[in-house]
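Readers should treat all values here as calculations from the given coordinates under stated rules, not as data from a laboratory. Just so it is clear, the structure is predicted and the values come from calculations on it, not from any experiment. Reconstructed Cβ throughout: ideal geometry from the backbone, glycine too, with neighbour counts over all protein chains shown.
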C-alpha cells in the first residue's frame, strides 16, 4: 500500500482507538467500586450467574452504586466463581475473592462496599503489590505462569470489542496491513511458533505453503473442535478473549491471501459460539472485518461453523469434509489442506491457541517469543490440568518447565495427600507417564520421546487409587466410540484392543493378551489412515510400557493393585475396628449384603455384594473399618450370627 | 514414461498412474479391497495395499502414491506382510465365514487374499464379533449382509457414478458402520430393479438381488 493509504489506515484506526480509550478512562475513573466477575462457562457452572444476580440485587436493595464488569476466565478453576472487587474509597487495592457464592456476594456488598471491611478470610490476594494485603503474585499458581496467549483473559469483557482495543487489540492487524505478506510470514517463521493443536507443525511454514499454493481463493480455518476428555483451553480462550483469535485469523488471512475464514466450534460450546458470533459482528461494525478492512483493499469474511460433536472432526481433513456437508471422515494426506482444502481451495487450518499467539508475537517480535520456552519449542504451553490435583484449572507456562514443577509447584500437588501415580497428557491420543518421568520437560519433542504427546493441552493427573489398566480401557473406549469407521485398523483394531482391556479389568485376561495388545497396537499405529487411529493405541502402549507390573498382576494373579477393578476386589469389615451395634454400613447397602455377626459386628455377603463402596463412605471415620482386598479370594471368612429360632 | 523397480522387476507405466494400478497392470499382485481405478481420490480405507518404498520411513498404501521415475518398491517385506496379515485378520474377525453358502464362493476377494497371504479364513488369534441382524432386507430389491461387508465403499462410488446420486451410503459410525439405503425404498423412484452395478462390484458378496436368492 502507498504511504497515503497507510496514513489513512492509521487515521481510521486511531479514531476507534480513541473511542476505546475514552470508554476505558470513563470506566476506570468512575467514582464507584468495580466488580469484575468471571463469566465463562467454568464460572457459570460454579454459579457465577447467581453470584452476579446477587450482586445486582443487593446493590439495588442497599442503594449502592457500583459497576459490574463481566469478564472471561482467569484460569483458576479451583477458585470459581472468581470475583475481583476494586473499591478505591476503601483504601484497599483491588482484591481477588474466590468461591464467591450468592451468599458471599451479598455479604461483600454489605460489609466491604458499604462498611469498608474486606473480610480477610475470603480473600485469595490483592491483584497488585501493596502494603495491606499479600498479592496473588506471591503464590506459585500465579507467579510461575507466563501469560502470552491468555494475558488478557479474565480481565477484559469478551463481549465488548472496545475493551480489547483499549488493551492494544487490533493494532497488530493495522500494523500488518502496512507490511507485505512476506514480511509477516518471515516474522512468524522466525518466532519458531509451532501448531498448538498437538502435532507441532511450524506455523510459519504452513502459512508460506498456503501463500505459494495455486488458487484464486484461499481460506483460513480456526480449529476449535476441542474434544479431548478434560480439555477446555480453546473454549476458555474463545469465551474470554475472542478478538485476539479473530485478530490472529485476520493477520493469517492477509498473509496467505485469503478473503474467507471459518471458526469451527463444536456445538457443545454454546457460549463460545455466542461470544464469537457477537465478536465478529462487533468487529464488522467497526470495519475491522468485512469488506475493505479499515479502508484498505483487504476484505475478510469470517463465519462461524458449528461442529456436531464428532471427535474425529478435529482432524483437519474430516473437519473440511464436515463443513462441505459430508460425513466427517478423514481422507488420505497428501494432498494436504494447504494445497487442496475446503471446496478444493488452499486452506490454512490452525488451532485457537496458535492463532491467538500471533498478535503477541508481532507486537513483541520473534526474538522475544524465542526467548520464552525452549529452542525447538519456543513460547508457552497452555494446559487444562484436571484430575486429582489441588489447584486445577488452566495454566500457561513457558515450554520446558518440567511436569513436576507444573503438577507439584504450580498446581499444588495431589489432593488429599495421596501419592502421585501417573499423568495423562495429550488426551486419548497421548500417553500415561509415571513418577520416574516427572522431570521430563514439557515441550513437543521431549513428550513425544517419552511416549506421550503434547496434544492440544489436556492433562489428567491421577493419584495412587488409579488403576492404569482401567485408565487405558477408559481412553480406548473413548477412541473406539469416536472412530469414524472408515479404515480397517481403527474401526476393528481399536474394538479388539478395547475388548482385551475389558477382559483384563474383569480378571478374564490370558497370558497371550498382553503380547497381542502390544503387537496389535503397533500395527494400528502404522496402519491407520488418520491421526485418530495412529494415536489411539498410545494410552495402552504407554501404560503397558511403564506399568507392566500392574497389567501382569491383572492377568497372573487376578489382582488389581490399585483396588479399583470391581471384578477383582472384595470388601470386608475389619472386626477389630468395627463398632458393635453400629448400623451405618448396613443401612446404606443397596443390595442388603451386610449382615450381623454373633457379637453384633458386621460382615459382607460376597455373593450379594456389588462392590459399590457405599459402606466405605458410610463407615464413620472414627471406626474406619471397611477394607478392600484384591484378588477377591483373599477376603476373610466372617460367620453370620445363627438364625434365631 | 516413469520406470520403476518393483520387487526387482523393472516396469514402465503411464505418468500419473497410482503405484497400485501400475503393479496390478504388470502382473504384480498387491492385496486390495477398496481401490477402483475410476476413483479420482482413492479412499484408502481398506488398508491392505501397503508396500515399502525406498526412502520412505514406514510402509505406505500404494493406492495413494503416484508413480515416479526410479522408484524402488518392495511388496513383500516382513513389515509389509505383517500389516497385510493384521488388516486381513481384522477384517475376518468381523466376517461371517460361511463360504459354502455364499453366492460368491470361489470368486470372493477374501478367499483370494487368504490364499495369497497364506492366512486361514478362520483366524485363531482374534475373537469373532458379528453384527446383528445378519441380514438387512430394507431395500426392495437388494439384501445386504453386514457380516460379509468389508466397507470398501465401492458400491456407493459406482452407484453415484452411474446415477449421479448414490442410493447406498455409509450409515452409523465406528465399529457399527454399515452400508444402508436409508429407507429409500420407494420402488417407483429407484432404478435398482434393472441395475446391478453395486452387486457386481462388491468384492465379497455382501449385496445380492433378492430374486437371485430365491
Next item on the list: Could you state, as a whole-number percent, how many of the C-alpha pairs of the stretch A:569-634 are farther apart than 13 Å?
Entry: 57 percent
Check: Would you list B:142, B:126 from fewest to most Cβ contacts within 10 Å?
Finding: B:126, B:142
Notebook entry, point to check: When the gyration tensor of the stretch A:510-645 is built from Cα positions, what are the square roots of 5 times its three eigenvalues, in whole Å, from largest to smallest?
Noted result: 42, 14, 12
Item checked: Residue-span extension gain [residue A:596 to residue A:214] - 0.36 nm each, minus C-alpha spacing -> 129.5 nm
Note to self: Against the 2.2 N^0.38 Å scaling, with N counting residues, where does the stretch A:31-138 land? I'd like the Cα-based Rg ratio to two decimal places.
What the structure shows: 0.97
Notebook entry, point to check: Given the stretch A:161-370 reduced to its alpha-carbon atoms as identical point scatterers, what log10 I(q)/I(0) does the Debye formula return at q = 0.10, 0.11, 0.12 Å⁻¹?
Noted result: -0.37, -0.46, -0.55
Checklist line | In range of the label at residue B:12: residues from the stretch B:57-79 whose backbone nitrogen is under 18 Å from the point 7 Å along Cα→Cβ | finding: B:67-72
Notebook entry, point to check: Taking the alpha carbon gyration tensor of the stretch B:1-129, what are the square roots of 5 times its eigenvalues, largest first, to the nearest whole Å?
Noted result: 28, 16, 13
Item checked: Shielding score for B:42-51, defined as the mean number of other chain Cβ atoms within 10 Å -> 5
Checklist line | Helix-only mean residue ellipticity at 222 nm for chain A, each DSSP H run of n ≥ 4 adding -39500 (n - 2.57), per residue, nearest 500 | finding: -10500 deg cm²/dmol
Checklist line | Per principal axis, descending, Cα span of chain A in whole Å | finding: 104, 68, 41
Item checked: Label zone at residue A:448, where the point sits 7 Å out along the Cα-to-Cβ direction: the stretch A:170-196 residues whose backbone N lies under 16 Å -> A:192-196
Note to self: Give me the one-decimal nm value for the distance between modelled label points at residue A:549 and residue B:191, 7 Å along each residue's Cα-to-Cβ direction.
What the structure shows: 6.8 nm
Margin query: Debye calculation, C-alpha points only, no solvent: report log10 I(q)/I(0) for the stretch B:142-213 at q = 0.16, 0.18, 0.28 Å⁻¹, in the same order as the q values.
Written below: -0.52, -0.66, -1.61
Check: Which order do peptides B:58-70, A:285-297, A:354-366, A:132-144 fall in by mean Cβ count within 10 Å, highest first?
Finding: A:354-366, B:58-70, A:285-297, A:132-144
Note to self: At R0 = 41 Å, how high is the FRET efficiency between residue B:105 and residue B:163 if r is their beta carbon distance? Nearest 0.05 is fine.
What the structure shows: 0.90
Check: In Å, the Kirkwood hydrodynamic radius of the stretch A:289-353 over pairs of distinct alpha carbons?
Finding: 13.2 Å
Checklist line | Förster radius 51 Å - calculated FRET efficiency between residue A:375 and residue A:506 (Cβ-Cβ, nearest 0.05) | finding: 0.60
Margin query: Using just the Cα positions, wrap the stretch B:1-75 in a convex hull and report its mean projected area in square nanometres, one decimal place.
Written below: 4.4 nm²
Note to self: Based only on other Cβ atoms within 10 Å, what is the fewest-to-most ordering of A:87, B:163, A:36?
What the structure shows: B:163, A:87, A:36
Checklist line | Mean projected area in nm² (Cα convex hull; one quarter of hull surface) for the stretch A:209-258 | finding: 4.2 nm²
Notebook entry, point to check: So for the stretch A:469-557, what percent of the C-alpha to C-alpha distances run longer than 23 Å?
Noted result: 15 percent
Item checked: residue A:633 versus residue A:518: modelled label distance in nm, points set 7 Å from Cα along the beta carbon direction -> 2.7 nm
Note to self: What distance in nm separates the two pseudo spin-label positions at residue A:404 and residue A:416, each 7 Å out from Cα along the beta-carbon direction?
What the structure shows: 2.6 nm
Note to self: Bin width 10 Å, origin at 0, all Cα-Cα pairs of the stretch A:163-274: what percent of pairs per bin?
What the structure shows: 13, 41, 37, 10, 0
Next item on the list: Partner chain Cβ atoms within 10 Å, averaged over the residues of B:78-86 - can you pull that number for me?
Entry: 3
Item checked: Alpha-carbon radius of gyration plus Dmax, which is the widest Cα pair, for the stretch A:236-286 in Å -> 11.2, 31
Next item on the list: On each of the three principal axes of the Cα atoms of the stretch A:380-466, give max minus min coordinate, whole Å, ordered largest first.
Entry: 32, 22, 21
Next item on the list: Report, largest value first, the span of the C-alpha coordinates of the stretch A:1-44 along each principal axis, in whole Å.
Entry: 48, 30, 8
Notebook entry, point to check: Can you give the FRET efficiency for residue A:308 and residue A:271, using 1/(1 + (r/R0)^6), R0 = 22 Å, r = Cβ-Cβ distance, to the nearest 0.05?
Noted result: 0.80
Item checked: Cα centroid separation, the stretch A:471-547 to the stretch B:28-55 (Å) -> 24 Å
Checklist line | Computed Kirkwood radius, in angstrom, where 1/r is averaged over Cα pairs of the stretch A:19-71 | finding: 12.2 Å
Notebook entry, point to check: How do A:222, A:582 line up, fewest other C-beta atoms within 10 Å first?
Noted result: A:582, A:222
Check: When the helices in chain B are scored as -39500 (n - 2.57) per DSSP H run of 4 or longer and the sum is shared across all residues, what 222 nm value do you end up with, to the nearest 500 deg cm²/dmol?
Finding: -6500 deg cm²/dmol
